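Taking it in order: structure first as structure tokens, then the write-up.
Each reported figure results from applying straightforward, stated rules to the coordinates on display, with no laboratory input. What you see is a predicted model; the values in this text were computed from it and never measured. Don't worry about glycine lacking a Cβ; one is built from the backbone with ideal geometry, like all the others, and counts go over all protein chains shown.
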Amino acid sequence: MTMVPIKPGHNVWRIVVSNQLGMTRREVLERMGSLYRQFLEPIQGPQAVWKWPGGQTAYAWGCGSARPIQAWEAQEGASTDAPSMPLGEILAKRTATDVLVAGAFVKGEPPVWWVESEFWWRGQQAELPEWPIATDIYGRHWATLDCAVQPEHQQPMPDQSQGEARSERWERWWETTLEDLPENLAELPEVTLKSKAGPIVIVGGVLLIATYLAGQYLLGRGRR
């Protein structure tokens, strides 16, 4: 069966997903992070999947040396509706053998989902030993790689570790909370220290600060 090379830098994958499981477009895109984890496991072992902050799309993750993974779009249709791939080196493309092994639904007949996705490989050049195929608990083949390309024009993407990404998400949450705090307080009834609500507001503020400090402490321990 065809092997799939993975080169350092920007890799673009077109993935085909059966819609026989009744998934919506959003559900298909949301499953791309865990699907990549499964597809890349033969070369990097079991890895956690974590949300990538500040991704160029809402569907962005990190997983081992693939940082970030981004799913851009999922569209339904036949093989003639498959989205075009960027100019560059074709690393792998489905063959008749790959189609037969993956199951009838990936031959391109409708209905299938065509998913545009990409990832940045931070490791050495590697090669998947066999064509990646996703199988559900009932043994049904529901997703597979259709085509892999390394674009001619490599789009740079800053790297982050899982700890750095977690810290950035926390900082963004804290900044958003502080920005919204005056507006949220303004919506409360007029409060004075003598009123019954006064102590509640004070305690809430103290808890907010304590939450932030605890988060910073735990993040610091996680980086060790």
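Overview of results
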item	result
Amide H within-cut-off set for Leu128, under 5 Å, with H built and near neighbours excluded	Val4, Ile6
Cβ crowding within 10 Å averaged over residues, with 49-62, 124-137, 20-33 ranked highest first	49-62, 20-33, 124-137
Taking region 4-151 and dividing mean pair separation by its residue count, relative contact order in percent (alpha carbons under 8 Å, at least six apart)	44 percent
Distance histogram in 10 Å bins (all Cα pairs of region 4-151, percent per bin)	12, 46, 37, 6
Net lengthening on full extension, Glu27/Thr97 (0.36 nm per residue, minus Cα-Cα)	22.3 nm
